[in-house]
1. For the range 106-123, which residues satisfy the criterion of being touching a residue at least 60 places away in the same chain (Cβ under 8 Å) and within 12 Å of ligand 1 (Cβ to nearest atom)?
2. Here are 92, 4, 13, 30: which of them is within 16 Å of ligand 2 (Cβ to nearest atom) and in contact with a strand residue (DSSP E or B) (Cβ under 6 Å, 6 or more places away or on another chain)?
3. Looking for whichever is modelled with pLDDT of 95 or more, within 16 Å of ligand 2 (Cβ to nearest atom) and in contact with a helix residue (DSSP H, G or I) (Cβ under 9 Å, 6 or more places away or on another chain) here; the options are 39, 59. Which one fits?
4. Restricting to helices (runs of 4 or more DSSP H) lying wholly in the range 174-292: which have 1 or more residues that are surrounded by fewer than 15 Cβ atoms within 10 Å (Cβ to Cβ)?
5. Is one or more of the residues making up the range 201-215 within 16 Å of ligand 1 (Cβ to nearest atom) and within 19 Å of the chain's Cα centre (by Cα)?
6. Could you pull out the residue among 17, 103, 80 that is in a strand (DSSP E or B), touching a residue at least 60 places away in the same chain (Cβ under 8 Å), within 15 Å of ligand 1 (Cβ to nearest atom) and closer than 30 Å to residue 199 by Cβ?
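The values are calculated or read from the model by the stated rules, or taken from the named source; none is laboratory data. Quick caveat, the model's predicted, so the values are computed rather than measured. Methodologically, a virtual Cβ is constructed for each residue, glycine included, from the backbone with ideal geometry; neighbour enumeration extends over all protein chains shown.
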Ligand code: NAD
Ligand code: TYD
């Protein structure tokens, strides 16, 4: 029986991966290991929290003793590693937090896996989830492939690049079975409202300014989070050991065009006069070191594992907006900070 630790399972992408694995694989035990930082929210998982094949363990990946305890308790077979500090703007303010969690935390996890799985590496997998931001910035043309040279610019992407290198080094040096995926910007339900799309949705709902950095001409390749979870599932089960897979949405948007689209869709859904939300757009000071364009060539995962995004951006964005409009309690619990005490209510007193 597989006993899989999913780190960062209380976060945005991690919660979708946990849900998919819990629902699709009743024979696996899914251990959600998460420190519950500001980005961790167990309210993301209320629908599966009582499933018999799911457990939550509050643990910090930078804390070796806590990791050892979880490994020993469950006799862990595999790791899908998503826990990270994930927001570029925060990395500019506090780069060391990103070094501790993303670099030291990842190496700590690798060390525990190396020790606990020693002599038996063939039966275990360490799957590392990373970002396309490690490749740096593109000009108007071209796409990131798995062969693109690493060239990170932000403290966030530098820390993720370092963690990717360590994961591959543990494969090359110690023989641990690893696989790495680098994906583009995700969007969808449960997205923490500090990132572009949920921040704009939240501000439109509340008639607050929509801050567009710099000239708004920066480009991102948007991937629906549920399609990403499908890709992770495929790579976990069928990915070639030691390989890297890029995952993207074949879906490039300039920030300002995306904000226009959000404004239009939300005016319609909120019954506001066309053009109302656009008036909230405010150009603000640019992010330092802002990468101009990201875009993924997802040809390899398509050819080798048959993966393709399942929804169009129009569908995915519409579903996402509907989700946020229907889940105002979830959103309000984040903005009020109430979500942080969910663990105490649900778990501490069990
Ligand atoms: P997130 O910020 O929503 O969630 C991160 C989770 O990790 C939270 O639940 C948090 O509590 C947990 N965590 C943070 N530090 C921890 C620690 N020291 N120990 C244990 N848990 C800790 O992040 P996300 O957007 O879901 O991203 C998940 C992964 O995917 C990250 O590795 C990120 O780099 C990568 N990624 C994200 C995107 C994106 O668009 N969101 C794109 C490419 C790659
Ligand atoms: P973000 O969601 O932070 O993701 P990343 O920086 O990892 O790509 O930002 C996406 C794009 O949107 C990026 O070009 C920065 C820009 N942006 C804004 O213009 N305004 C905002 O308030 C935020 C959060 C981001």
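1. Matches in the range 106-123: 106, 109.
2. After ruling out the rest, the residue left standing is 13.
3. 39 is the lone residue from the list that is modelled with pLDDT of 95 or more, within 16 Å of ligand 2 (Cβ to nearest atom) and in contact with a helix residue (DSSP H, G or I) (Cβ under 9 Å, 6 or more places away or on another chain).
4. 225-238, 255-270
5. Yes, the range 201-215 has at least one match.
6. Just one listed residue meets the conditions, 80.
This table checks each residue for (1) under 21 Å from the mean Cα position of the chain (by Cα); (2) at pLDDT 95 or above; (3) more than 30 Å from residue 241 (Cβ to Cβ).
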site	(1), (2), (3)
301	yes, yes, no
304	no, yes, no
310	yes, yes, no
317	yes, yes, yes
333	yes, yes, yes
341	no, no, yes
347	no, no, yes
350	no, no, yes
